[in-house]
Amino acid sequence: MKHSFLLGMVLLFSSATFSQINKRHWLIGGSGSLFTNKLTTPGQSTYTAKGGGIILSPNVGYFPVNNLAGGLRTYFGYSHIKGGYDNGYASYKQNSWQTQVGLFVRYYFLPAQYKVNLLADASYFIGWTHSDDSSLGNSKDHLHGYDLSAGPVWFLNPATALELTLTYSNKQLPSHNEGVYLNVGLQVHLGKGKRKL
């Protein structure tokens, strides 16, 4: 059993299957994440806010050199929060929508012959947010920020990859927001460039 597991791991990491992460290939796909959050501020009266949401980020990129891609990424997000003090004061509900667009660059650390690879990804974006708050009404704001991501990539075949990345996000709205998200992504790699071992 132990030898079968080791053989499977060797085949997984050293397969002759080519991933298309070389020069002159295209990258089309995206990722998404679901999130929940809770904020509690103790005091004479405890303030609690709970919420959740979804983020979808499609992208298109190009490999100018082997293992390095850059391109355009968009973000579409929705979140819902409700909160208030435990004495019932200042309770509210808020729905927010975000649209962002930005540039990204990503690097794959292993050569193209591996079915499992590791990537690092950085992006900078600008965008707009629209909020509907039960106590403050509607508001619109601009935002900007950056994301840093890293994680494993599994090539299901030479042109299709499944990704699992951990992302640190830093956004500047009228207030400063940051968080860490776990994203699942699917990328399609297209092109007829030379495949290099």
request  = Pull up segment 39-78, narrow it to residues that are more than 30 Å from residue 118 (Cα to Cα) and polar (S, T, N, Q), then point me to the one that is farthest from the chain's Cα centre (by Cα).
outcome  = 44
query = If you take the residues in segment 142-197 that are under 27 Å from residue 111 (Cα atoms), without any contact (Cβ under 8 Å) to a residue 60 or more places away in the chain and of a type in the set (Gly, Ala, Ser), which one is surrounded by the most Cβ atoms within 10 Å (Cβ to Cβ)?
reply = 149
task = Please specify each residue of segment 30-50 satisfying the condition of being of a type outside the set (A, V, I, L, M), out of contact with any Ser or Thr (no Cβ under 9 Å at 6 or more places or on another chain) and at pLDDT 80 or above.
result = 36
query = Quick one: which of 102, 83, 71, 61 is free of Cβ contacts under 8 Å to residues at least 60 places away in the same chain, in a strand (DSSP E or B), touching a His at 6+ places or on another chain (Cβ under 9 Å) and surrounded by 13 or more Cβ atoms within 10 Å (Cβ to Cβ)?
reply = 102
message = Kindly evaluate residue 119 against the criterion of being hydrophobic (A, V, I, L, M, F, W, C), within 30 Å of residue 155 (Cα to Cα) and under 23 Å from the mean Cα position of the chain (by Cα).
response = yes
query = If you go through segment 44-58, how many residues are free of Cβ contacts under 8 Å to residues at least 12 places away in the same chain and within 22 Å of residue 167 (Cα to Cα)?
reply = 0
Extreme residue, farthest from residue 53 (Cα to Cα), among residues of segment 152-186 that are within 9 Å of the chain's Cα centre (by Cα) and among the β-branched types (Val, Ile, Thr) = 165
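Yes/no matrix, rows are residues, columns are (1) closer than 19 Å to residue 65 by Cβ; (2) modelled with pLDDT of 90 or more:
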position	(1), (2)
115	no, yes
118	yes, yes
136	no, no
145	no, yes
153	yes, yes
172	no, no
183	no, yes
190	yes, yes
194	yes, no
note = Contact list, first residue from segment 115-127 and in contact (Cβ under 8 Å) with a residue 60 or more places away in the chain and more than 14 Å from residue 185 (Cα to Cα), second anywhere and among the polar types (S, T, N, Q) and surrounded by 16 or more Cβ atoms within 10 Å (Cβ to Cβ), beta-carbon distance below 6 Å, six or more apart or interchain, is none
All positions within segment 165-183 that are farther than 15 Å from residue 35 by Cα and either of a type in the set (Lys, Arg) or in contact with a strand residue (DSSP E or B) (Cβ under 6 Å, 6 or more places away or on another chain) (or both) = 170, 171, 172, 173, 174
query = Among the candidates 105, 116, which residue alone is among the β-branched types (Val, Ile, Thr) and in contact with a helix residue (DSSP H, G or I) (Cβ under 7 Å, 6 or more places away or on another chain)?
reply = 116
message = Just to confirm my filter: which strands (runs of 3 or more DSSP E) fall fully inside segment 137-197 and include at least 3 residues that are touching a Gly at 6+ places or on another chain (Cβ under 6 Å) and more than 16 Å from residue 115 (Cβ to Cβ)?
response = 160-172
message = So, residue 53, is that one more than 20 Å from residue 111 (Cα to Cα), touching a His at 6+ places or on another chain (Cβ under 9 Å), modelled with pLDDT of 95 or more and assigned to a strand (DSSP E or B) or not?
response = no
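The values are calculated or read from the model by the stated rules, or taken from the named source; none is laboratory data. Given the structure is predicted, the values throughout are model-derived calculations rather than measurements. With ideal geometry, Cβ positions are generated from the backbone for all residues, glycine too; neighbour counts draw on all protein chains shown.
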